[in-house]
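Right, one structure below, let's go through it.
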Amino acid sequence: MVYSINFVNNTKTLNMKYLNLTKSLAIVAMFSLIFGACKKTKEIVPLGDAGTTLVKILGGSSPASVYKNAIDFVAVPKQLLVMELRRDIPNETELNKTMVVTVKDDTAAVRAANPSYVQMPTAWYTLQMDGVKTGGQGGTFTFTFKPGEFSKEVYITVPNATLLNPSSLYGLGFTVMTADAGGVISTQKSVVIEIGAKNDWDGIYENTFTNYHPTLNAGYTGDKTDIHFVTTGANTVDMYWPDAGAFANPAILSGSLSYFGAQIPRFTINTATNIVTVSNSGGTLVYAMSLAQVNRYEPSSKTFFVRWGYSYAVPGVFDASCREWTQVIKYKGPR
């Protein structure tokens, strides 16, 4: 009985609390509706003639954005868009103003982006733009926006990419310096354009290989790893192994991935037959192509099929004393 009486009393207490809470919530809801009905909707105020004109380089930043461009390693003119200068206009009044903007040929931004960039000689390219440049390398471009204009484009034409060193990267930098007529320079004010000469075989590849060494890999086992082919001529590429951070040829040695130093495999492609020859551009050690297969490049699949090595008793004929690689190297994309 005691337990039953306590249970009934507790139930009555809980019911009273529930009724009080319900009344309170109803009152809150009522006042919310009243205040909500009285609240005015915010008005959208037209910008009109307010606001400022932002001057920027499209895709720029501070410090400079870097944009990579590859041009074919051929003696055929190549044109690239290297900069688009913009003024973002808030209204028609600002658009109808004449504005003069100066842009620096920013060699310091180029060095900051990559100290290994090479300054391209001015004789190797021309600039096409609606502007005036003074001061040569490191000088200043002056652009005049006429009423109604909001964009200026700068193009570079390289008439003969074979003048470029294919193992080098060239850089051009542009930074907005001043703008008159009330223009405000945006944080999107600086770009660096990277230009490299690349042939048809340049890129990132998946290297599926096996290799033989009489003591370090007598089982002729292998692995799979990405390598880069870097343009070194019109129809030659050198192998770079990013995992090693070096121009090198991956191998299984003593059970793990490694490589031999003072060796840089250079792949030369016969453009008439697609026959491939691998030579050593990094030392005096002489490579030989295996005679057991046709060493070739297949354009349809962008794949190299090669077997090569050194220390053969008879060049190109496998024996127990040689060092040899069998490789299938398939294109993955541009580097």
Taking H as built 1.01 Å from N, whose amide H comes closer than 5 Å to the amide H of Lys78, not counting residues under 5 places away? Val158
Take the Cα atoms of segment 87-191, find their three principal axes, and give me the spread along each one in whole Å, biggest first. 50, 27, 21
Within segment 277-312, which trypsin sites (Lys or Arg not before Pro) sit in a loop by DSSP and count at most 14 neighbouring Cβ atoms inside 10 Å? none
Got a number for the accessible area of Glu84? Probe 1.4 Å, square angstrom, nearest 10. 40 Å²
Electrostatic dipole magnitude of segment 185-335 [Cβ: Lys, Arg +1; Asp, Glu -1; Cα centre; debye, to 20]: 200 debye
With every protein chain kept in place and a 1.4 Å probe, the chain has an accessible area per residue in Å² of 54 Å²
Probe 1.4 Å - accessible area at His228, Å² to nearest ten: 40 Å²
Per residue, the convex hull enclosing the Cα atoms of the chain spans a volume in Å³ of 307 Å³
What pairs in Lys56/Lys302; Lys104/Lys332; Lys68/Lys152; Lys68/Lys330; Lys146/Lys198; Lys78/Lys332 have C-alpha atoms more than 30 Å from each other? Lys56/Lys302; Lys104/Lys332; Lys146/Lys198
Any idea which of Ile57, Thr232, Asn280 is furthest toward the positive side of the dipole for the chain, if Lys and Arg beta-carbons carry +1 and Asp and Glu beta-carbons -1? Ile57
Taking the Cα atoms of segment 191-335, report the difference between the largest and smallest coordinate on each principal axis, in whole Å and largest first. 54, 33, 29
Loop only by DSSP, 16 or fewer other Cβ within 10 Å of the Cβ. Give me the GluC sites (Glu not before Pro) in segment 91-199 that pass, ordered by residue number. Glu149
By how many nm would the segment from Arg296 to Leu257 lengthen if fully extended, with 0.36 nm per residue of separation less the alpha-carbon distance? 11.5 nm
Can you compute the label reach from Leu163? Point 7 Å from Cα along the Cβ direction, backbone N cut-off under 13 Å, restricted to segment 85-127. 120-127
Classify segment 114-244 as rounded, prolate or oblate from the Cα gyration tensor: take a ≥ b ≥ c as the square roots of its eigenvalues, call it rounded if a/c is under 1.5, otherwise prolate when a/b beats b/c and oblate if not. prolate
For Asp243, solvent-accessible area (1.4 Å; no DNA, RNA or ligand), Å²: 120 Å²
Per-pair calculated FRET efficiency, R0 = 22 Å: Asn270 and Thr208 via Cβ, rounded to 0.05: 0.45
Determine the calculated [θ] at 222 nm for the chain from helices alone, applying -39500 (n - 2.57) to every DSSP H run no shorter than 4 residues and normalising by the residue count; nearest 500 deg cm²/dmol. -5000 deg cm²/dmol
Considering only protein heavy atoms and a 1.4 Å probe, what is the carbon-and-sulfur percentage of the accessible area of segment 57-111? 51 percent
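The values are calculated or read from the model by the stated rules, or taken from the named source; none is laboratory data. Nothing here was measured: the structure is a model prediction, and the numbers come from that model. Cβ: placed from backbone, ideal geometry, glycine included. Neighbour counts: every protein chain shown. When the accessible area is computed, the model is the full protein with side chains, heavy atoms only, and any ligands, DNA or RNA have been set aside. Shrake-Rupley method; radii C 1.70, N 1.55, O 1.52, S 1.80 Å.
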